[in-house]
Every structure is written in C-alpha cells, then in structure tokens.
1. Please express the shape of the stretch B:54-265 as an equivalent ellipsoid: the semi-axes are the square roots of 5 times the eigenvalues of the C-alpha gyration tensor, given largest first in whole angstrom.
2. In what sequence do A:Ile118, B:Ile218, A:Ile76 fall when counting other Cβ within 10 Å, fewest first?
3. Which one, A:Phe198, A:Gly120, A:Met33, is farthest towards the positive end of the dipole of the protein assembly as shown when Lys and Arg carry +1 and Asp and Glu -1 on their Cβ?
4. Average partner chain C-beta neighbours within 10 Å, per residue of B:215-225?
5. Pairs of alpha-carbon atoms within less than 8 angstrom and 6+ residues apart define the contacts here; what relative contact order does chain B have, in percent?
6. Taking B:Lys217 as the anchor, which aspartates and glutamates have their alpha carbon closer than 18 Å to its alpha carbon, excluding any fewer than eight residues away along the same chain?
7. Amide H neighbours of A:Gln40 under 5 Å, counting only residues 5+ apart in sequence or on other chains, H built in-plane at 1.01 Å?
8. Taking square-rooted eigenvalues a ≥ b ≥ c of the alpha carbon gyration tensor, is the protein assembly as shown rounded, prolate or oblate, where a/c under 1.5 means rounded and, failing that, a/b exceeding b/c means prolate?
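Every number in this text was worked out from the coordinates using simple rules, so none of it is lab data. As the structure is a computational prediction, the values presented were derived from the model and not from experiment. Positions of Cβ are generated from backbone atoms using ideal geometry, with glycine treated the same way; all protein chains shown enter the neighbour counts.
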Amino acid sequence: MKREPPRTLADYGPLLFPAAMLTVFFVVPSGTMIAVSFFQRQQGGFYTPAFVWSNYERFLSVFFGNVLGFSLMLAIAVAICCVVLALPFTYLLARMSRRAQVLWLVGLLSVLSLSEVIIGFAWSTLFSRTAGITNLLVAIGLMDSPKALYPGFSAVLTGMVYQAFPYTVLVLFPALVRLDPTLTEAARTLGSSPLRAFFNVVIPALRNTIVATLIMVFIFALGSYLLPQILGRPQHWTLSVLITDQAIYQSNMPFAAAMAVFLVLVTLALVTLTLFLGRKGEAA
Amino acid sequence: MNRLLQRLYFTLIGIFLAAPLIVVAGVSVNERQSLTFPPKGFSLSWYGEIFTNPEWRNALLASVTLAALSAALAVAIALPLAWFSWRRIAPWTNIFQVLGIAPFTLPPVITALGLLTFWATTGFYGQPWTAVISHAIFFVTLPLVTLSLGFSSIDRSLVEAASTMGADDRTVFLTIIVPLILPYIVSGYAFAFVLSLNEYIVAYMTVGFTLETLPIKIFNALRYGYTPTMASVTVLFVAVSAAIFGLVAWFGDLPKLLGALSSEGK
C-alpha cells in the first residue's frame, strides 16, 4: 500500500482522537499557563485575568538572577561531566559484543527510569553518616570517624551526574554505533595509538554530535527538581524547584507561570540550536 | 594494557551506577528500624511491610493503577497517530507528531505546571483520573517513537499484496499490521509504564494532595522520618524496571529501539 493523501474527510478519522487529546490536554494547558503568566495576583493565592508584565518584571531581582545563574551553571557542569564520562564509555560500548551491549543497556535504562526521589534517597544514604561511604573509609583506616557528605554542592552535582549519565550514553549511542570504523583503522594503520586515534580522529569526527549531546543533557539537567532539594541546601535550588515552590507553597501561580514560560523559551532556543547543528552535521 | 584499562574504566562506571543501589539494598535488610550500612542483623520484614502496611500498599496500588492506565491511554493516542502518518501524506498533520514529542522534551516542570493550571481552571484539580490523562500526555512520546519505528520497518509490499487480493483497510490493519506492530506496541507500553511508575513531579502537581503514589510517598517519608521500607520499595522498583527492560530486550531489538529513541529525541 502506497502512502497517499487523504481524499475524504473520513480518511482523517484516525487522527481525531490523538489530535483532540493532544490539543485539549497539551496545547490548551500550555495556553492557559501563558495566559496565567500575565494575570494579576491577588492576596490569598487567587489571581484575576489581566494583562500585566509585573510577573516578568520580578525576573530583574538579584535573587532571581542568582537562581537563574546557579541553575544554568549547574546544568552546564552536569552536561560537561556527563559527556566527558560517557563519550569514551559509549565509544567502547558500541564496539562490544551484542550480548554485553544489551546487558549494559538494560542496566542503564533501569537507572534512567529511576525516580528522582529514589536517586535522591539512594545518594543521601550513600552520603550519610550512618550508612555512607565514609564508614568504608573508616573501616580501611583512611578516616578517623564517619561524617555526612551532604547537603552540599558536590552531593547535588554527583546525584545529577548519576541521573543524567545513562541518558547521555543513550543519546550518544546511535551516533557512535554508526561511526565509520575504517576511520580509526586508518589512523591505527598510520601508526597512531588507540588513545591518540580517539582524540585526533573520533572526537573531531563527532564534534557536532558532542555539541548536540551537551545541549540535550543541559536541558535534561535543567529539569532536575528533587535532587537539589534532597541533596542540597536552599542556595542550591534551581529554577525548577523555584517554579514548584511558587506554584504550590507560595500560591503565586502567575509568577510560577511566568518563570515556566521563560524556561520554555530558553529550552526552545537551545533545541533549535541543536536541530540546526544536527542539520549542519548531516550536510558536512 | 589497553584491555586492562578498558576493564578498569567499565568497572568504575559499573560501581558508580551500582553503589547507591547496593547501599540501599543493604539498608533494606536491617533488622531494626534504622538506616545503617552494613546492615545490623538480617530481615526481610521491610519487604513484607510494603504489602502489609496499608499506607505503603495503597501507594503501591495507586502507582501501579496509574501506570497501567496512563500507559494504555498513551498507546491509544500514539497508535492511530503513528498509523496515520505512515498511511497518509498530509504534511500539516506533522504538527501532531511534534506535539506528541514536545511534552517529553521540555523540562517536566513545565508540562506539570501547564496541566496544574489547566485542571485548576476547569475545576477538576485533585481528581485521581486527571493524573491518568496527565501522565498519558507526558509519556505519549515513548509509544509514539517506538510505533513510528515499527511502522517504518513494515514491508509495504506485504500490505500491497493483501489489498490487491481484495482486503480492505480494516482487514489489512487487523491481519497484517497489528501482528507486525505488536512488539512495538508492547515495548512502547513498557517504557511508558515504567516511567509513569517512577514519575514524581507531574503526579505531585496534579494530584499530590489527594492521591499518594509511591514516589510521592517516598518523598514524604524522606521529609517526615526515615524507614527502611523506603529502601525495600526502591529495591523492588529497580528489580521491576530491570525485569521489564530485560523482557523488552529479550523479545525485541533493544539496541535498534534505543537508536531510534535517541535520534528522535534530537
């Protein structure tokens, strides 16, 4: 059966249910959110329809600037750590036997699907005084007494790298599987060591993929919401935490919505950049 | 030398990925109500607690019901959409494909907040069924991507042969397409199910105050007093996810599926 354009209205039938669901429960909610971001907030958690910019004007405060700056900095740090760790890993994984690949992929998927709550709980246990790794260090005599390693910035960073690492591998995997093996073979024949071939041939060949992956992981890390709360102090809270805090606990929906719209714009700009790089990569 | 380095590197990554889970597994078998590692004593009673303590049992039940229903709804949305884009040439309908991918690509807090304002405006805020729809929309991307891949792998000449021999669209769909696409339906469902089971923020924003799913329950327990049950639930969840992905890998081509998933995400 060839693909053909729909001739009658009835041909559009199958589209009805998905289109209705996505419109009513995704497009309309997004529209509602954008509308609410311009509403006037009333005391006591209510808001009235209006068209004011005051919710956006609050972005200009020092506090908001700090949160935004920290969120972006944290997401960039996570993206860099993940790509540095995952790139050689995925490169080697893509060259392993199928059996080993499937085994690792099942493991990575299981970690990836873990709830942020669970990851936060697991790392807070690992970093705790009573059950943490410091007990191990005490046992082998490297430390005098166990101590808590969280809350703190490195705990947040570790937790988020843990969360994003499987995602990074899965994003890199297809590109590295497709990577032409003759490239490295040629480098090896010409006498370069495997490590040198990796840095001088593989990495330049994958430049666009690497940048695209950095952006994808960056967006993924921007969405992290519970880990900064569980493993960090209030100064480690990100924009996602602040949005929820405003929406649920401060009952300031218009301000929360304005921040969410802002976050969408940042994300969309980055996705566009990724698509642009992807296209350029294919053309090259 | 190089092989040794590679081994070491993979072992270290393996330890990094497994360490928190090992500690949690250790904590879950403590005899007393304390979070110590290595565990003091050995007892599986915290696993029994998940099913005997009504609070944990209800949370587990709520999560499983939510995941089962929302994954089914997600597949119900994705299947006709994927079929339509495979069968018809109608460029403007691509917008719905984009809409299907969007909720999962944006930071989750955005989808969650959009749905929160929507349910609050329409007056349904807090109803348990709103969580089913919210999760279905949030995770529709996964079945949509697996099904699009499934359709693209169908040999069109099979379908053509059937229609030359007089089968109408309906017969073709039921006798040829459904059997070929079934593995992709199952894996799409499995991905949506596992992720819904673990999802926190969308569930919390939409029904957080009326319905306690397991992730919400664990987070509340984290705030208001630790118990080893949190650890046993975690181990149970990891085991369930690994088992489901293991099955997907067993019956399907996992490397191929993942290849499609990530390139679609870009």
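1. Equivalent-ellipsoid dimensions as semi-axes: 35, 20, 14 Å.
2. Lowest count first: A:Ile76, B:Ile218, A:Ile118.
3. Of the listed residues, the answer is A:Phe198.
4. 3
5. Relative CO of chain B lands at 30 percent.
6. In chain and number order, the partners are A:Glu116, B:Glu49, B:Glu55, B:Glu199.
7. A:Thr48, A:Ala50
8. Since a/c stays below 1.5, the shape of the protein assembly as shown is classed as rounded.
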